[in-house]
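Data first, discussion second: the structure below is written as C-alpha cells.
We did not get these values from a lab; they are worked out from the coordinates using the rules stated. If you're wondering where the values come from, they're calculated on a predicted model, not measured in any experiment. Neighbour counts run over all protein chains shown; Cβ positions are idealised from the backbone, glycine included.
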Amino acid sequence: MVHLGHDDYVGLHRRYQQILGGFEPVITLSDDEKSKIQQRLTRAFRGMMSALFRQKGATLDIHILTSGEAQHFISTHADILDSTFREVRMSDIMRRRLTDSDYIFSGIKTFHELNEAFPSLIDENGNRKPFERFLNDVQSIDKTYNQHYLRAEYNFAHASASMAAKWEQIAGDGDRYNLQYRTAGDDHVRPEHAALAGVTLPPSDPFWASYYPPNGWNCRCTAVQVRRDKYPETPHDEAMSRGEEALKNDKKGIFRFNSGQQQKTFPDYNPYTIRRCRDCDIAKGKASLAFVPENELCDACRILHNLRTVGEQRRLTREERKIIQESALRWADQHLPRVAMADGTQAARLTIQTSEGKELNIGKKFFTETYSKCKNSRRVAETMEVATHVKEWATDAEQIRIEPGIHHDFDFAVFRATYNDKEIEFKAKMTEGLIVYTMRII
C-alpha cells in the first residue's frame, strides 16, 4: 500500500491556493459569526491533536478517524458546512444526502490534516516533542485548512446545495421549460463564466451534467427556467464548446458535476481525493470496492462511509424531527387544494381515484397522524418524504383488508401500494367516504 508523503500535501496546498485565490466571497458573515465558527473548530482540532499525540509507530494509523476526538472534529466541520443550507427548501431525502456528502468531504479533509500533522510529533533530533510544542507546531495546519480553505468550501457548500434544491424543482417540470445559464452580472464575474451566460437548453441536455453551476470555488452563477418560446435554444455542440472553454483551467475536471443530479454538495473527485474516486463503488453507495485500494486514502474513505452508515441508524434529535415534521406540513399547505365542505367551510382536501375505482380523500390530518405514529422511528425522514408523494403511489393502491377500529367508532380500509421499490401500507377511515388516515413503509 502506498502512503502519502509530505510532498503530496505540499502539492495539495499549492493546487488549492491556486484555485482559491482572488475570488469574491459568496456569503457575508459578521465578525462575530466567523469568530464562533473558528472557536468551535479550534477546540475540536485541539482535541483531535490530543488523540493524534497518543499514537505510536512510524506511520499514521488511519483508524484514528473512528476515535471520539476525530469524529467530533469531523462532525463539527460537517455541521458548519450543513449550516449553509439549513434555510434552503428541499426534500428531506435531498437534505440527508447533501449532509452525507458534507460528512464524507469533512472526513477526507480531516484525514489529510492528520497526515500532515503526524510528522510534527517528532523533533529535529528524532525525539518525541512535548504536547504543547507539538500543538504549537500544527497551528499552521489548522489555519490553512480550517480558515483559508474553509472560506471557499463554505461558499461552495451553500451554492452547491442551493443549486441542488433548484434542480429538484427543475426536474419536477421535466423539459416543459428550458434552462438558461446566468451569471451574477457584475464586475466580479470571471470572464470564463461570462462566456457561458445565456446558454439555453432543455434540462435533459447532457450539457447540464457537466456545466450546471457552481462551476468553481466562489462561483455565483445560476440557472433559471425560461419559456421555450421566449429564448432560442443554443446548439448543443456550441454549448459544450463554450463549457469546455469556461472550465479549461479545471484541468482535472473537478467541478464538472451537477449537485442536483448527484445529490452531493461536493463532487467525489475534489482537491482532497484522487481521480479514481469519480468511479468508486463506495462513492456510488455500494458496500465494497471492486478493486484493491491504491493507498490509505481508499481505506480511510471506506472507514468514513461505514461510520456514516452507523450514524444514519441513530435516533434523531428533537430538533431534527421537528424540521422533518415542518417540511411535510409545508408541503401539505402548498399542494393540498382548498375545497368547499358540506357545512360551508373550506378545508385542504386532495381527492384521488384508485385504479380499482375507489375515491380516496387526503387532508392535512394524514400528515400529522403519520408523523405522530413514526416520529420515534429511524425511518421518519424517509416515511414523511414518501408521504409527500401520495399522488404518485395512491392511484395504484390495492385494498387488502378491512380492519376494525377498536378505539374508534369507524373501521379502516387497509391498502397496499408501491413507490420506488418500497412497499407502503396505509389506512383510510371508512366514514363519509374513504379518508386516508396514516401510512407506514413496510
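Just a few scattered comments:
- Computed over neighbours whose Cβ is under 10 Å from that of F410, the net charge equals -2, Lys and Arg +1, Asp and Glu -1.
- Sorted by Cβ density within 10 Å, fewest first, the residues F45, F73: F45, F73
- Once the Cα atoms are used to define both axes, helix 150-173 deviates from the longest principal axis of the chain by about 30 degrees.
- Positive-end residue of L247, F412, S162, charge dipole of the chain with Cβ unit charges: F412
- Whole-number percent relative contact order across the chain, with pairs defined as alpha carbons under 8 Å at least 6 apart: 14
- Computed from Cα atoms, the angle from the helix 68-82 axis to the main principal axis of the chain rounds to 60 degrees.
- Bridging of K109 to lysines at a Cα separation below 23 Å is possible for K34, K36, K56, K143, K251, K252, K264, K284, K286, once same-chain residues fewer than 8 apart are set aside.
- Ranked from largest, the principal axis spans of the Cα set of region 100-216 equal 68, 33, 19 Å.
- Most simply put, region 352-442 has about 90% antiparallel DSSP beta bridges, counting only bridges with both residues inside it.
- Shape of region 319-441, Cα gyration tensor, a/c cut at 1.5: rounded
- Packing-based ranking of 260-273, 100-113 yields 100-113, 260-273, ordered from highest to lowest mean Cβ neighbour count within 10 Å.
- All other residues whose Cβ lies under 14 angstrom from that of V226 are scored, Lys and Arg at +1 and Asp and Glu at -1, for a net of +1.
- Total charge dipole magnitude, region 166-286, about the Cα centre, Cβ charges on Lys, Arg, Asp, Glu only, Debye to nearest 20: 420
- As computed over the chain, the Cα convex hull volume per residue (Å³): 195
- Each Lys and Arg Cβ is given +1 and each Asp and Glu Cβ -1; about its Cα centre, the chain then shows a dipole of about 680 debye.
- 0 to 90° range, to nearest 10: angle between helix 364-374 axis and the chain longest Cα axis: 50
- Helical mean residue ellipticity (222 nm; -39500 (n - 2.57) per DSSP H run of 4+; nearest 500) of the chain: -14000 deg cm²/dmol
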